[in-house]
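Scroll down for the structure; my scribbles are underneath it.
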Amino acid sequence: EPDVTIVSGLKDMVVLEGDDVTFRCQVSHENARDVEWKLQDVALQNNEMNEISVEKGKVHTLTLRKVTEQDIGTITFRVGPHTSMA
């Protein structure tokens, strides 16, 4: 299986409380496994507050809905041994 790398990393975002924010990270291969999103070192799951999806097979997205002050912090995207932070 080819080593999946990060082609385009996360970008820092500034949003207003109550707004939604989307982070995108592009990887080198489709159907990447061993992918993880974290906020402040806490793994995020796909639920009503966090939408985790993949666009066009390679662009992994995380949308945080109705952000609050508690959501301030570092977002980390990891695929295998590679990470990107914003």
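The values are calculated or read from the model by the stated rules, or taken from the named source; none is laboratory data. Just so it is clear, the structure is predicted and the values come from calculations on it, not from any experiment. Cβ coordinates were reconstructed from backbone atoms using ideal geometry, including for glycine residues, and neighbour counts include every protein chain displayed. In case anyone asks, the SASA skips ligands and DNA or RNA and just uses the protein heavy atoms, side chains included. Shrake-Rupley method; radii C 1.70, N 1.55, O 1.52, S 1.80 Å.
Run the numbers for residue 86 and residue 13: contour at 0.36 nm per residue of separation, minus the present Cα-Cα distance, in nm.
25.5 nm
Please give the charge dipole size of the range 6-85, origin at the Cα centre, charges +1 on K and R Cβ atoms and -1 on D and E Cβ atoms. Round to the nearest 20 debye.
Charge dipole, the range 6-85, about its Cα centre: 360 debye, nearest 20.
Along the positive direction of the dipole of the chain (beta-carbon charges: Lys, Arg +1; Asp, Glu -1; about the Cα centre), which of 28, 46, 74 reaches farthest?
The listed residue farthest towards the positive side: 28.
Measure off 7 Å from each Cα along the Cα-to-Cβ vector at residue 52 and residue 65, then give the distance between these two points in nanometres to one decimal.
So the label points at residue 52 and residue 65 sit 1.6 nm apart.
Output the relative contact order of the chain, whole-number percent, from Cα pairs under 8 angstrom with separation of 6+ residues.
With pairs under 8 Å counted, the relative contact order is 38 percent.
Just to verify a number: what accessible area does residue 16 come out at with the full protein assembly present, 1.4 Å probe, Å² rounded to tens?
Accessible area of residue 16: about 120 Å².
State the percent of C-alpha pairs, over all pairs in the chain, separated by a distance greater than 22 angstrom.
Cα-Cα pairs in the chain separated by more than 22 Å: 21 percent.
Along the positive direction of the dipole of the range 6-85 (beta-carbon charges: Lys, Arg +1; Asp, Glu -1; about the Cα centre), which of 6, 18, 62 reaches farthest?
6
Keeping all protein chains in the complex and leaving out DNA, RNA and ligands, what accessible area do you get for residue 58 with a 1.4 Å probe, in Å² to the nearest 10?
My reading of the accessible area for residue 58 is about 70 Å².
Percent of accessible area on the range 6-85 owned by carbon and sulfur, 1.4 Å probe?
47 percent
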